[in-house]
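Nothing in this text is a laboratory measurement; each read-out follows from the coordinates by a stated rule. What you see is a predicted model, and the numbers here were worked out from it, not measured in a lab. When we count neighbours, we look across all protein chains shown, and the Cβ atoms used for this are built from the backbone with ideal geometry, even at glycine.
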Amino acid sequence: MALLAPLGGPWAVFIIATLDAGIFGIPVDPLVAYYVHTNPHRFLLFSTVAALGSAAGSMIPYIIGYKGGEALIVKRIGQERFSRIHGLSEKYGELALIVPAMLPPPTPMKLFVFSAGVAEMSWVRFVCSMFVGRFLRFLILSALTIEFGPQIVDITEQLVKRHLTATLLVLGAIVLLIVAYNLWRKQRSKSTQQSSAK
């Protein structure tokens, strides 16, 4: 914190989030929790800059995957695991990034990012998906930090490690409910317009 202090809170969060997503595995959650705990009224700012940094840094592994990094990933994690993650990227598109982006470590986020590149997802969709997922994650982290203190970071990571499948299912269910609600609203609006036209 002493080294980062001259940068100011938001810039420090942005830089660490960018490095974490793009190059090094630097834990950004404790940094966000620290700044939110010391400046709770600025939680929205810290969540936003952390999400922007993560989205910007993720462009590095995304480009590697887009330019032909499939062989490198398969060599590191095996064909079976890569095929499973790549299949999710192709089948669910943005949701295959948003949901894991919401999860804290030890979620293998870079694998999903690589896969999005290999699947040739457009960079606009990729950046938007990463930002949305990370923003929701840091927003939830900020709310929990304000309520329970910065120690919530360790508690959350332990829960995810022990109950990763359950966590993914719950988040997936939430996302599906949001999607279903939006589709229902659009359909209802369309029906109302058609009724008015008659």
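Which of the residues belonging to the stretch 25-51 are of a type in the set (A, V, I, L, M) and within 19 Å of Lys110 (Cα to Cα)?
Ile26, Val28, Ala50, Ala51
Report every pair of residues separated by at least 6 positions or lying on different chains whose Cβ atoms are under 7 Å apart, first residue within the stretch 20-41 and among the hydroxyl-bearing types (Ser, Thr, Tyr), second part of a loop (DSSP other than H, G, I, E, B).
Tyr34/Met1; Tyr34/Pro150
All but one of (1) touching a helix residue (DSSP H, G or I) at 6+ places or on another chain (Cβ under 6 Å); (2) not in a helix (DSSP H, G or I) hold for Gly68; state the number of the condition that does not hold.
(1)
Please find, within the stretch 130-155, the residue that is surrounded by the fewest Cβ atoms within 10 Å (Cβ to Cβ) out of those that are over 20 Å from Ile16 (Cα atoms) and in contact (Cβ under 8 Å) with a residue 24 or more places away in the chain.
Gly149
Go through the stretch 13-24 and give me each residue that's surrounded by fewer than 21 Cβ atoms within 10 Å (Cβ to Cβ) and over 18 Å from Leu111 (Cβ atoms).
Those that are surrounded by fewer than 21 Cβ atoms within 10 Å (Cβ to Cβ) and over 18 Å from Leu111 (Cβ atoms): Ile15, Leu19.
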